[in-house]
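Worksheet: the structure to be examined is printed underneath.
What follows is calculated from the coordinates using simple rules that are stated; it is not laboratory data. Since we're looking at a predicted model, the values are computed, not measured. Quick reminder, even Gly has a Cβ in these numbers, built from the backbone with ideal geometry, and neighbours come from all protein chains shown.
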Amino acid sequence: MSLLTILDSWRAHEAPSLVVHDVPASAVLPAGDTGQTCRAGVDYFRLWLAEMRLARDREWFATRHPAVHALVRLRFGDADVEFPTVAGPLSLPGLDQAHLGDVIQLDHLLTPLLPYNGGVVEIAAGLLALEGTSAVKAVVKAMETMGAALAVPPLSTAIAATGALGSALQVLLGAASGRQHLGVHLSYAGAQVPKALHAGYVAIVRQDATRLEARDLSVQHGRLHLRGAPVTGVDYMLLRVERVQERDDWRALTAIDAPFREAQAALAYGNEAMAKASMSRALLEALQSKDLTEADRRRVASELKKAWEDARNQGLGLERTTPSLADAMALAVPVERFVEAAPVSMEALLSLD
């Protein structure tokens, strides 16, 4: 049984007491890009825990230990994969018995930056109530550490290990007699909101739907409000799907950055044959990278080519600083303009003559 199936079965037991609401742009202040769809092959996305509040309950930290989880299933490269994450009290500042009832978490990153390649994207996220001794917290911490290591780009190298993390989480859930205290499973597909993957907020409130009108919920400056006032007295989570057009972690894509730097260094020493070999490897890595969207694969390759040609024309010397992938992309054509421009052939991108 998959981890997603297990979490869904727990969520089904809690469904009658939960209100799940995709907050529209008209109820978000400032609206930002709420409701803007993610474009397949162009945009990236990531999931945030924008806010969470736990009402005071003497069982928390006595017999139940909280842990926030997120699981994203999407098309990554040529396969459907799952990226699980888990966060416990040690990585959620203020999450302890003394601070229950306070806002204990704002803007906690639940997933790394993921390319949107179209197809169906499923997001499962929630607050787990794990029953057992304090040893549960130690296991959760170990899983947090493992998940954090896997979330660092390039993600393509972590795919095999994510399966191990998912299996470990299944074992933990079974051993800790866990249940999902708050949870949601969202599926996105197509090109029209609300079915399409889009930027915005999703509120999950532990309250009977007959006692709470979803239309009365709003988000003001990243905080959940009910009829214009901050929500109090109930357990809730506020998730945020962020749409991203430009990556901010180019230095982490070492499979592309390393050979590009090697090419610049070889060129500086006058070894053009070695420089071409390294540059060809950098271009191939960019054009085949699963961490990049389809548009960025060609855009990155195009920018690397420009940097290569500039260096060769200017006669890069040993005293010059070796440009990096981040340097090249700092001056890159915005993705919007690149998508609108005439496409560059693969042959032209790979040619170094």
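Listing for the model above:
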| quantity | calculated |
| --- | --- |
| Length released on extending from ARG75 to THR322, taking residue separation times 0.36 nm less the Cα-Cα span | 85.4 nm |
| Cα-projected label distance for HIS221 with ARG312, points at 7 Å along beta-carbon direction, nm | 5.4 |
| Principal axis dimensions, segment 215-353 - Cα atoms, whole angstrom, descending | 69, 34, 23 |
| Label-zone membership for segment 215-231, site ALA31, 7 angstrom Cα→C-beta point, backbone N under 14 Å | 219 |
| Segment SER345-ALA330, extension gain: residue separation times 0.36 nm, minus the distance between their alpha carbons | 3.1 nm |
